[in-house]
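Below is one structure, written out as structure tokens, with a few remarks after it.
The values are calculated or read from the model by the stated rules, or taken from the named source; none is laboratory data. Predicted model only: the values in this text are computed from it and were never measured. Counting neighbours? That spans all protein chains shown, and the Cβs are built from the backbone with ideal geometry, glycine included. We work out accessible area using only protein heavy atoms, side chains counted, and drop any ligands, DNA or RNA first. Shrake-Rupley method; radii C 1.70, N 1.55, O 1.52, S 1.80 Å.
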Amino acid sequence: MADNQRGFSSSIGAILAAAGGAVGLGNVWRFPYMLGNNGGGAFLTIYIVFVILIGIPLMMTEFVIGRRSQSNVVGAYRKLGGRHKGWVSLGILGIVAALLIYAFYSVVAGWTLNYIVLSSSGQTSGLLPHEVATVFKDFSQGSLWPLVYQFIFLALTALVVTMGVQKGIEKVSKVLMPLLFILLLVMCVRSLSLDGAAKGLEFLFKPDFSKMTGKGVLEALGQSFFSLSLGMGAMVTYGSYIRKEDKLLKTSTWIAVCDSMVAILAGIVIFPAVFAFGMDPASGPELVYIVLPNVFNSMPMGNIFAIVFFVLLGIAALTSTISLLEILVAFAVEELHWKRGVASAVSSAVVFAIGAFCALSFGPLKEATIFGKTLFDLFDMLTASYIMPIGALLMTIFLGWFYPKAEVRDEITNGGTLKARLFGAYYFLIRYIAPVALIIIIIYGIIG
Ligand code: TRP
């Protein structure tokens, strides 16, 4: 029945697959350290406001572009842009962004495999804190294992994507996403039962706005759309797979709820444990790879929880790498007419060729910097601070100012069959509020 459909077979499949793309290292690795560096509860509050006011409308915008055109990100602007061919470059920007993000994201995804191996073979247990830090540095600065694990992760992703949208992506997401939630809940119970957990909860949930800076507010905005995978066409691609009868507002809201829940649950896992063992919540990107292994070492049965934690981190990363690769594969299949298997093998090979340099950025290529940054940092900064916000801005201009309003309304109301009580609010947000907010982040990225 559903097999003659272009994309996902059910609403729940669409929600879980897109939520899988959104929920990733951004939730479990980036969000906690951002929150830790920006004073806790106030960051969370502002983050949630941005998800509701900017994140959900932007996601709906991408879904409209994708579902209306029934196309990959380049084809979408070719079709909807009509004779204004310039819009196609926005699609190409999406492809470039996917390549760059995948190149550095697959490095950190590979690290999770290493930590699954280390924790299951007990290699981090019983070490002193400085030894745990040494384990991380020795590994990440090496020139072989980071590449091996990155390669394995890319291959695993390619396998799923080759199996297809319904039989690969949707099926895998339907298993992995519920599993991710269960593992997170197990970890929450463990963390909350530690003596001194309350201090961590207070840090996470009690807003102290005096700790909030302008930079923190902008980082919350940036994090909200990094976490929701917005601004580069991931949701255009997945949007094109959403069934015509599904409701876009409902779908986007569910995805945003899942994504924020995972970020908050990750916070409930991490901060009570960090406080209970007297560690520093503001330790930056190393929070997950150095601070947490130390926390696990100090807790009863910590070794088992370490394995659970890194497996869940790996799952979160995998559903995101799947959606990154799908952007490239959908493009190669529809625009270049490649076979799906060939498209996913070739795209992954290209990503590995570029990504290997990112993996080596921590060791052998540490000194090989461009604008004072290693390739890893450069790609991270280029995408998060420039390409994603600029892409998002251009999308809001495309849908809010260029594409006919009646067509937007038609897509959101499923051809007029749904009441569109919130349509006015949505249109106002993407026409005025989101572009202004995005221009502010872009300028901040340039001068800050
Ligand atoms: N949202 C992902 C995360 O939180 C990261 C990400 C950004 C992403 N853009 C993407 C993932 C595009 C897939 C596709 O980890």
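I'm told ALA282 meets every condition in (1) at pLDDT 85 or above; (2) away from the ligand (no atom under 16 Å from the Cβ) except one. Can you identify the failing condition by its number?
Condition (1) is where ALA282 drops out.
Do we have ALA345 as closer than 28 Å to ILE439 by Cα and touching a residue at least 12 places away in the same chain (Cβ under 8 Å) here?
It is false that ALA345 is closer than 28 Å to ILE439 by Cα and touching a residue at least 12 places away in the same chain (Cβ under 8 Å).
Out of all the residues in segment 57-89, which are over 21 Å from ALA18 (Cα atoms) and either among the hydrophobic types (A, V, I, L, M, F, W, C) or buried (at least 19 other Cβ atoms within 10 Å of the Cβ) (or both)?
Passing the criteria: LEU80, GLY81, TRP87, VAL88.
Inside segment 3-56, can you point out the residues that are surrounded by fewer than 18 Cβ atoms within 10 Å (Cβ to Cβ) and of a type in the set (A, V, I, L, M)?
ILE12, ILE48, VAL49, ILE52, LEU53
From the list ALA406, ALA359, ALA425, ALA420, which residue is part of a loop (DSSP other than H, G, I, E, B) and more than 16 Å from the ligand (Cβ to nearest atom)?
That would be ALA420, the only listed residue that is part of a loop (DSSP other than H, G, I, E, B) and more than 16 Å from the ligand (Cβ to nearest atom).
Restrict the check to segment 329-340 and report whether at least one residue is aromatic (Phe, Trp, Tyr) and open to solvent by 10 Å² or more (accessible area, probe 1.4 Å).
Yes: one or more hits.
Mind counting the residues in segment 1-52 that are within 16 Å of the ligand (Cβ to nearest atom), more than 22 Å from VAL329 (Cβ to Cβ), of a type outside the set (Ser, Thr, Tyr) and touching a Ser or Thr at 6+ places or on another chain (Cβ under 8 Å)?
Counting residues in segment 1-52 that are within 16 Å of the ligand (Cβ to nearest atom), more than 22 Å from VAL329 (Cβ to Cβ), of a type outside the set (Ser, Thr, Tyr) and touching a Ser or Thr at 6+ places or on another chain (Cβ under 8 Å) gives 6.
Looking at this structure, is SER347 part of a helix (DSSP H, G or I) and either in contact with a strand residue (DSSP E or B) (Cβ under 9 Å, 6 or more places away or on another chain) or crowded, with 24+ Cβ neighbours inside 10 Å (or both)?
For SER347, the condition - part of a helix (DSSP H, G or I) and either in contact with a strand residue (DSSP E or B) (Cβ under 9 Å, 6 or more places away or on another chain) or crowded, with 24+ Cβ neighbours inside 10 Å (or both) - is met.
Looking at segment 282-304, is at least one residue on the phi > 0 side of the Ramachandran plot and open to solvent by less than 20 Å² (accessible area, probe 1.4 Å)?
yes
Restricting attention to segment 166-215, which residues are in a helix (DSSP H, G or I), surrounded by fewer than 15 Cβ atoms within 10 Å (Cβ to Cβ) and hydroxyl-bearing (Ser, Thr, Tyr)?
SER210, the sole residue that qualifies.
Has segment 307-320 got at least one residue that is assigned to a helix (DSSP H, G or I), within 15 Å of the ligand (Cβ to nearest atom) and among the polar types (S, T, N, Q)?
yes
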